[in-house]
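Accompanying notes for the structure given below.
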Amino acid sequence: MSEREPLPWQAAIWAQLAPAREAGRLTHAWLMCGPGGIGKRHFVGAWTARLLCETARGTEAACGRCRSCIQLAAASHPNLLWLKPEVDAKTGKTKRDISVDQLRHLIDRLQLNSHYGQLKIGVIDPADALNASGMNAVLKTIEEPTGDALLILISERPMALAATLRSRCQRVAFAPPPVDQSLEWLAAQASGASVDRSLLAAAGHAPLKALEWLRSDQISERGRWRREWLEIADRGADPVATASAFKERERTALWLADFYQFCVELLKLRLLRSADALGNLAQRLPAPALEAMSSEALESQRRLQQNANPQQLAESLMIAWWRWTRVRR
Ligand SMILES: [Zn+2]
């Protein structure tokens, strides 16, 4: 995947936005929104490179050779400022908010005269990491635009932004690509890895998320997780011991997504009356139990996103699973 090219499912948005400057359609503020893992950030990277490129025209991608492209490749372009939450020096963790100081620096830079008379671009990623005063400062900048400055906000949760700020931005909505297109793309990116629909579904149909999982060793844990769930169901293994491995947020998110997928598969197998280990479990459990477990898995995913403690979520889910699988029809 080339960083300068849009992803295959972004072709229509690209055709609209790549020539926006020449066509006089480049407004001062843009809001790129849509679920995580589908390539919004990638698109903004390719688009800003295209806008800054000195030779690309029409729907062409940035050339990769001009002065601007070379500066971008060296991450030293004076006219592109990409703001992200900083990493806390003490804990090594990414902070939740973009600080007012970071934002002030960005706004000051956007208001300076640009180098080479080029466009100046500020990206706020993610925009929902701004606090209320940050959002106000951004709004003020948008209301008093300076010449050739451009502000791009990226957000998975646009509703978390102030309504006034949302309404001042040109909104571009990104959506997950069709399943077949995602699978084709994933197969090309992760050559040799087995790419299946259940993985993509567990990743919320977000192909970049699924690719990240494929490339991480977490995916190799899926087989073991399934064995553990079966051990709880078939032999009454200790649910709290199983849950104790989940302290880390990202890994718990993948585990929860996989457990949800597991429940959905069991519900399907119930109808198919298949006779392997999973099929037997599916026959043994009442459908309401499986439905209850899959909604509990979804609810846990939601609560994890709202900052609930991963291990407590994992424990209550596994205890519920242990209880339901003790029920005999
Ligand atoms: Zn170029």
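The values are calculated or read from the model by the stated rules, or taken from the named source; none is laboratory data. Just so you know, these numbers come straight off a predicted model, no measurement behind them. Glycine also receives a Cβ, built like all others from the backbone with ideal geometry; neighbour counts cover every protein chain displayed.
For segment 221-234, state whether one or more residues are more than 23 Å from Gly37 (Cβ to Cβ), small (Gly, Ala, Ser) and assigned to a loop (DSSP other than H, G, I, E, B).
No, segment 221-234 contains no residue that is more than 23 Å from Gly37 (Cβ to Cβ), small (Gly, Ala, Ser) and assigned to a loop (DSSP other than H, G, I, E, B).
Take Thr59 and decide whether it is away from the ligand (no atom under 13 Å from the Cβ), polar (S, T, N, Q), closer than 24 Å to Pro126 by Cβ and in a loop (DSSP other than H, G, I, E, B).
Against the criterion (away from the ligand (no atom under 13 Å from the Cβ), polar (S, T, N, Q), closer than 24 Å to Pro126 by Cβ and in a loop (DSSP other than H, G, I, E, B)), Thr59 does not qualify.
Out of Leu183, Leu151, Leu139, Leu161, which single residue is surrounded by 15 or more Cβ atoms within 10 Å (Cβ to Cβ), touching a Phe, Trp or Tyr at 6+ places or on another chain (Cβ under 8 Å) and of a type in the set (A, V, I, L, M, F, W, C)?
Leu151
Looking only at segment 33-56, count how many residues are surrounded by 21 or more Cβ atoms within 10 Å (Cβ to Cβ), assigned to a loop (DSSP other than H, G, I, E, B) and more than 13 Å from the ligand (Cβ to nearest atom).
2
Would you confirm whether any residue within segment 74-81 is away from the ligand (no atom under 16 Å from the Cβ) and in contact (Cβ under 8 Å) with a residue 12 or more places away in the chain?
yes
Suppose the filter is among the β-branched types (Val, Ile, Thr) and in a loop (DSSP other than H, G, I, E, B); does Ile98 pass it?
Yes, satisfied.
Is segment 97-105 home to any residue that is surrounded by 20 or more Cβ atoms within 10 Å (Cβ to Cβ) and touching a residue at least 40 places away in the same chain (Cβ under 8 Å)?
no
Of the conditions (1) basic (Lys, Arg); (2) more than 30 Å from Arg249 (Cα to Cα); (3) at pLDDT below 90, Arg96 clears all except one; give me its number.
The single condition Arg96 does not satisfy is (2).
Just one of the numbered conditions (1) assigned to a loop (DSSP other than H, G, I, E, B); (2) in contact with a strand residue (DSSP E or B) (Cβ under 9 Å, 6 or more places away or on another chain); (3) over 21 Å from Cys53 (Cβ atoms) is not true of Lys90; which one?
(2)
Please enumerate the residues belonging to segment 37-58 that are under 26 Å from the mean Cα position of the chain (by Cα) and of a type in the set (Ser, Thr, Tyr).
Listed by number, the list holds a single entry, Thr48.
Looking only at residues in segment 62-73 that are aliphatic (A, V, I, L, M) and surrounded by fewer than 21 Cβ atoms within 10 Å (Cβ to Cβ), which one is farthest from the ligand (Cβ to nearest atom)?
Ala73
Residues of segment 165-180 being in contact (Cβ under 8 Å) with a residue 12 or more places away in the chain, over 27 Å from Ser133 (Cα atoms) and surrounded by fewer than 17 Cβ atoms within 10 Å (Cβ to Cβ), which ones?
Ala175, Pro178, Val179
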